[in-house]
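These notes are about the structure you will find just below.
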Amino acid sequence: MTHFLTKASLAALLALCTIPATVSTAAAAGPQTNLVVEAQYHRPIRGCSPMHAVRKARDFGLRRAHITRMSPRVVVVAGRDRRGWDRITFANVRGCPLIRR
């Protein structure tokens, strides 16, 4: 008799625990899921974009600025300044911080 009560109480406990899990899954299928799906496909800017690096190099006084090298770590922009040809190296992270000139 004790085995029967043990198995019955375990089955009742499992049945009770699965009810909240199925309700939350069914509630998630409402109209709000479209907003979540659209938000997941928005691609954030993670690194230094080439246009931002060239714009920033022009602000530093480089004329005819163009990208010469781009790697996962750095973005190198070359151009002319008052003294001749020059290079500016930016970090390839958000905001394009200056590494060396």
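Every number in this text was worked out from the coordinates using simple rules, so none of it is lab data. Predicted, not measured: the structure shown is a model, and the values here were computed from it. Using ideal geometry, Cβ is built from the backbone for each residue, glycine included, and neighbour counts are taken over all protein chains shown.
Listed values, structure above:
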item	result
Residue-by-residue Karplus 3J(HN,Hα) for segment 53-67, coefficients 6.51, -1.76, 1.60, Hz, glycine and proline x	5, 5, 4, 5, 5, 5, 5, 7, x, 8, 9, 6, 6, 8, 7
Total charge dipole magnitude, segment 45-100, about the Cα centre, Cβ charges on Lys, Arg, Asp, Glu only, Debye to nearest 20	60 debye
Computed lengthening from Leu5 to Arg64, 0.36 nm per intervening residue step minus Cα-Cα distance	12.8 nm
Packing rank of 51-58, 70-77, where each peptide gets the mean count of other beta carbons within 10 Å, highest leading	51-58, 70-77
Protection proxy ranking, peptides 90-98, 61-69, average beta carbon neighbours within 10 Å, highest first	90-98, 61-69
Contact order relative to length of segment 45-100, as percent, for alpha carbon pairs under 8 angstrom and 6 or more apart	33 percent
Hz values of 3J(HN,Hα) by residue in segment 83-92 - Karplus curve (6.51, -1.76, 1.60), Gly and Pro given as x	8, x, 6, 8, 10, 10, 10, 10, 6, 8
Proportion of all alpha-carbon pairs of segment 45-100 beyond 18 Å (%)	20 percent
